[in-house]
Structures are given as C-alpha cells and as structure tokens.
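Report on one structure; see the data block that follows.
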Amino acid sequence: MQQQYSAESIQILEGLEAVRKRPAMYIGDVGEKGLHHLVWEVVDNSIDEALAGFCSEIHITIHKNNAITVEDNGRGIPTDLHPKEKRSALEVVMTVLHAGGKFDKDTYKVSGGLHGVGVSCVNALSKQMTATVHRNGFVYEQTYTKGVPCDSVKKIGKSKKTGTIIHFLPDDSIFSTHVYTYTILSKRLQDLAYLNAGLRLTLKDLRTDDDTPPEIFYSQEGLPAFVKHLDRKKIALIPKPIDIDHPQHSTPVQVAIHYNTGYAENIVSYVNNIHTVEGGTHVAGFRRAITRTLKSYAEKQGFLDKSKVDINGDDFREGLTAVIAVKVAEPQFEGQTKTKLGNSDVLGAVDYCVKSTLQDYLEENPKEAKQIIAKVLLAAQARMAARKAREMVQRKNVLSSSALPGKLADCSEKNPALCELFLVEGDSAGGTAKQGRNRKYQAILPLKGKILNVEKTQEYKIYENEEIKNMITALGISFGTTTDSKVMNLEKLRYHKIVIMTDADVDGSHIRTLMLTFFYRYAKALIEKGYLYIALPPLYLLKQGKKEKYCWNENEREMLLSQWSISTDKNNIHLQRYKGLGEMNADQLWSTTMNPDVRNLKQVSIASAIEADQLFSILMGEEVAPRKKFIEKNASYARLDI
C-alpha cells in the first residue's frame, strides 16, 4: 500500500538563522568541496525518492553561469498547507532547517539526507533559487533570494507528470570558488548509478560551445558492475564478482566481492547512498564474515593442514576489492559529515548476509575457492616475511650506535610539530639543500636514484630497499600491531611536515610519483593527518640588468617576458630554466623553495580514495594497456620540455 505523502509528513525541528553566518558548519567548507556539496544535497533528495520507489530519472544541468538545475520524476514536494506553519509545505521545506519528510518513518523508510538540512541550506547559500513542482495535475513554483521567498507559492499551470525541479545559483559572496568541475560531478553520479540499479541519471554541461549530448549514467547490474569497474585496471583472480544481495533482510544488505592478483585491499562502503569514508559497523561486519567464512572453509577442506604460518584477517583481504551498500532506517553517523556508521545491529546483519551467501559460493565454486585460499596462504607467508624484514630494520636501529641514516642532516629542534623533513633527489641537490636550510627546524634526507615501485612488489621486499629503509628510519615510524600488521605507529614520528622536493623534469616527476605511491600504500596515515607536502621550486629565473624575477609556471614566464619586452629591449632579457635543484645555489633554493615566508608547498590530500586507488593502479601497476590508454587520453595536457 502506497504511503500518503502530504503536508502533514513535513516535520519542523528548528529555523534557518545560522546557515549564512557559518556555512562551513553545514556543508564542510566554502571552497570547491562545499560548492559541489550543494549539488549532492539536492540530488540526495531525488535519490531518496528513488529509494522509496517513486523516482526513475534524475537530470542535472550545469548552466553557463555555473547555476545548477536538478530535475526528477518523483512525487514532487508537497505544496498543500502545512498544518502547524499555516503556509505551503514547499516553502517550509525550502526555508526551514531540519524540515522534511526524512524524520517521518512512514514517508521515507531509508534516507541519505538524514539531518534534513539539505535543500534549505542550498537555498540559504544561493544568490537565487527557484523550486518548481509538478504534482496533483498542476505546476507550482516559488522563487527565493538568499533563502528568503520572493513571493508565495503559486500555481502556474497544469501538468500530466510529477516531479521536482530545483534551480539554484550559488552565492559568490560566500564561496571562494564559483566554477563547477565536470569530472567531480560525473564521478559521483557514476557511483550513484551503480548503487541504484535501474536509476537513470544524466549530466549536461551547457558551458561547452558544442552540442555534446548529456552523459548518461545507468547500471542494470548494480554493485557487481561497480566492483568490476573498480578492478578494471587489475588482473582478475576469479572470473566474476561474488554477488551478495539480501533486500528482504531487516537491514537490506548488498555486497559485491572481487579478488585480483594485487596486494592492496580496497573496500568501498555506503549507507543509504552516503559514502562512509571511514567505514563503520557495516565494514566491521563484512571483515568478520570474510575472515571466519574463508578460514572455516579452508580448515574444512584441509588447505591449512600443511601451512606453517598462522593466518589472520589481513591475509584474507589481500587483493580483495569490495563494495558494501546497506539500507538503514535510522543510521547513526559520526557528525553531519556522515563518514562512519555507528549502528551496532548492522554489524551482525552484514556478517550474517555475507556469511550465508559466501558459504554457498565456496561450495558451488571449488576452483575459485581454491584460488582464493591459495592467495590467502601466499599473503600469510609474505606477511611473515614482511614482519621479519620490519623487525630487522627496527632492531638495526635500536642496536646501531647511530640509529638515524648517515646521509640525514637532522635539525636541532626536538618538537615534531615544528620540524620539517625534506626528501631530496640526489646528493647534489641534497648538498645545496643542506647549505640553504634553516638548521634549527629543517632536516634534509638525500635519496639516491629511484626508490622501489611498491605497487608491483610484495610488502616484505620494500624493507630491503635501502632508500625506503632510510625514509622509515628518519621519520621514526614503525609498522604492525598485535591485531593488524599494516597499521602504522606514529608515536615516534619525528617530523610533522614531510616535503618531497624533486627536480622539475621527467625523472623528478617519476621519483615523486614513486614516493607518493609508497606513502599512499604503506603510510597513508601521514597523508590523512596532513603531514605530506610537495615542494614547488620555480621553473625559470628571468634577469634584466639588476632586475631578477622567478617564475613558477609557463604563464608567469610568458606574462613577464611580455611586460619586460614592452618596457625595455627584449634582447637584454636573460632566461634560465631550472631543470634540477642542484642548478640553484643555496641562497636561491632557500629564498624560493624552502623559506616558509615565501615558498609554495602543495599539501597532499585524498579527495577520493576510489580515484586514488585506480590512479596508482594505472600509473604504477603491472598492466600496460590501461597505462597506455591513460597516456593517450591525457597527452594533450603534456608539455614537451627540450
């Protein structure tokens, strides 16, 4: 029986006073992330209609002025009189914080936008907004300026369809950036299509001059297609994903599992279409089920009888890629950011659903089951070898009379929060950096050549690489706990600012990428805590008489050349291209790249763990074809430096 969706379904918790004064409290920040978050708040409302079974299409349009239109074919926001507010329910939803159908269990069984601040926040942070509703055979409309209604809700015509259209222009006096990035929107919509099988989403960018048709995002298969998409750049261990779907369970659970020949674990989790970046009880339930079910099967089949190593949870998840999606009626998230699920009952629900289906899969597919267990045993052996290698590195540090690497030029400051470590390419640049640094708080570690590509290497081998050992020792970090061999211990971290400083050429870029791969795969906590940076040395030095000017990119060089050529004789301009840090003297390196008052540092962050995982797999993995395709696709962005 269809539940009644009317003005009485809309419940009010509080007003909208603080949103414009403190927007970051509601949408995270006022930069690029916050700007795009406005779109997700509106789209999530339409997705909730899809989850309730009333919406099959959502269309998103980016207009030339970076306004956004989101249109769905759901039931349409109620427009009748709200019983308590004595005004249209549409106006209540659009102008009152915490007003919506999400708080009424009969209206939405599950919902992503649980807190109900979504569309009203978008309205408050928009210079202009128009809400158009097709409902009950008519078209209703109301316009707003910075969250304030310009007029009452008006009936403007008749309609044979249902749905809601939200058109908004973000307020440029609030946001530091005003331009929407197409790829950010398209990637999120692609994920939503996988998570909602059968839902059609389209994205149209009117800022382009051509007549490019809208991009369509649609998946009939759902999560199995999602996990294949995530693993498309890797070598598959089993022919097709394991599909787990329990829609009738008290907590509906969907999981897709795939194994590849790599060494990384990649688990992507969602609750009511919200990406739970930090996981939570649903991920804990999944991991428990994987470990117990695979171990039980391996013991039953006698695969562990001859094994000389103990197997733990890490081993069962090496090379595993999984997508977990649960529908929770009353999810308990950690804060408005919704990055970690806290519902204790969900752990048991996911555990049960994964265990029951996985047991059947292993019994019905003995060949694939044997391949998975063989990989688990190999992972256990490699883990033991890695532990011994780590212990050797750490024991050597303890027993050595000088635990720090010989090439490290350390700083005198002992407070890690004030200390900086520069990872420098080669002895030549390292020597210059040592001379130019501030010895009080800046340490220099020269690295010889290119470090090991950890993407193609089992863990135990990385600790045999001299340069990686030097980095680990200099940083003061250690790996492994009693429960998880890959956990990194930061208690003795010696620097809270770790700066990768390489030459501005192809080799320098490659070395930087190798280091980033190591940090992402084995020291991700340093990135997550904001400790990792990339130095940006200048590319050019322009001289004209006594004038000197550094340029950090091609545009700056061209603009400066143009300005100087107009004012004086361009033949007197001397241009120096810095391809290596060693080409600078110590004073130049300090004044351009190392001096905190003037330098440019780029902080390394993980905007999307899914995209980061795929990018490292493409650029640094075993498969050549995806890398070739990536290079061909992005060749137009490259610049030839001769």
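If the limit is 18 Å between Cα atoms, which of Lys306/Lys375; Lys234/Lys456; Lys64/Lys187; Lys86/Lys154; Lys308/Lys375 go over it?
Those over the limit are Lys64/Lys187.
Under unit Cβ charges (Lys, Arg +1; Asp, Glu -1), what dipole magnitude, rounded to 20 debye, does the chain have relative to its Cα centre?
1260
Of Leu378, Phe286, Ala298, which is farthest on the positive side of the dipole of the chain, counting Cα position, with +1 on Lys and Arg Cβ, -1 on Asp and Glu Cβ, and the Cα centre as origin?
The listed residue farthest towards the positive side: Leu378.
Do the alpha carbons of any pairs in Lys407/Lys434; Lys440/Lys549; Lys388/Lys492; Lys497/Lys529; Lys388/Lys448; Lys414/Lys469 sit beyond 18 Å of each other, and which pairs? Intermediate values should be presented prior to the final figure.
Values: Lys407/Lys434 11 Å; Lys440/Lys549 28 Å; Lys388/Lys492 20 Å; Lys497/Lys529 10 Å; Lys388/Lys448 25 Å; Lys414/Lys469 22 Å.
Those over the limit are Lys440/Lys549; Lys388/Lys492; Lys388/Lys448; Lys414/Lys469.
From the C-alpha gyration tensor of the chain, pull out the three semi-axes of the equivalent ellipsoid (sqrt of 5λ each), sorted largest to smallest, in whole Å.
The equivalent ellipsoid of the chain has semi-axes of 46, 37, 22 Å.
If the cut-off is a Cα-Cα distance under 17 Å, which lysines reach Lys158, setting aside same-chain residues fewer than 8 apart in sequence?
none
Taking 1 over the mean of 1/r across every pair of different Cα atoms in region 223-381, what Kirkwood radius in Å do you get?
For region 223-381, inverting the mean 1/r across all distinct Cα pairs yields 15.9 Å.
What is the pair-distance distribution P(r) of region 430-482, computed from all Cα-Cα distances in 10 Å bins starting at 0, with each bin given as a whole percent?
Calculated over all Cα pairs of region 430-482, the distribution is 20, 42, 26, 12, 0 percent.
Working from the alpha-carbon coordinates of region 228-277, get Rg over Rh, Rh being the Kirkwood radius.
1.02
Given charges of +1 on the Cβ of Lys and Arg and -1 on the Cβ of Asp and Glu, with all other atoms neutral, how large is the dipole of region 428-536 about its Cα centre, in debye to the nearest 20?
420
What net charge is computed for the residues neighbouring Ile216, neighbours being all others with C-beta under 11 Å from the C-beta of Ile216, Lys and Arg scored +1, Asp and Glu -1?
0
Using a Cα-Cα cut-off of under 16 Å, which aspartates and glutamates could be cross-linked to Lys450, ignoring same-chain neighbours fewer than 8 residues away?
The qualifying aspartates and glutamates are Glu425, Asp427, Glu464, Glu466, Glu467, Asp503, Asp505, Asp507.
With charges set only on the Cβ (+1 for Lys and Arg, -1 for Asp and Glu), what does the dipole of region 7-217 come to about its Cα centre, in debye to the nearest 20?
It comes to approximately 420 debye.
Based on alpha-carbon positions alone, could you give the equivalent ellipsoid semi-axes of region 354-396 from the gyration tensor, as √(5λ), descending, whole Å?
Computed over region 354-396, the values are 34, 11, 4 Å.
What's log10 of I(q)/I(0) for region 7-217 at q = 0.16 Å⁻¹, Debye sum over Cα points only, no solvent?
The Cα Debye sum returns log10 ratios of -1.09.
What aspartates and glutamates sit close enough to Lys547 to cross-link, taking a C-alpha to C-alpha distance under 15 Å and skipping anything fewer than 8 places away on the same chain?
Within the straight-line cut-off, Lys547 pairs with Asp569.
Please give the Cα centre distance for region 18-68 versus region 509-544, rounded to the nearest Å.
Each part's Cα centre sits 32 Å from the other's.
Within 10 Å, count the other beta carbons around each residue, average over each peptide in 533-539, 80-86, and list them highest first.
Highest mean packing first, the order is 533-539, 80-86.
List the equivalent ellipsoid semi-axes of region 529-589 in whole Å, largest first, each obtained as the square root of 5λ for an eigenvalue λ of the Cα gyration tensor.
For region 529-589, the ellipsoid semi-axes come out as 27, 14, 9 Å.
A short reminder: the numbers here are calculations on the coordinates, not readings from a lab. Everything quoted here is computed from the prediction, not taken from an experiment. Heads up, the Cβs are rebuilt from the backbone with ideal geometry, glycines too, and the neighbour counts pull from every protein chain shown.
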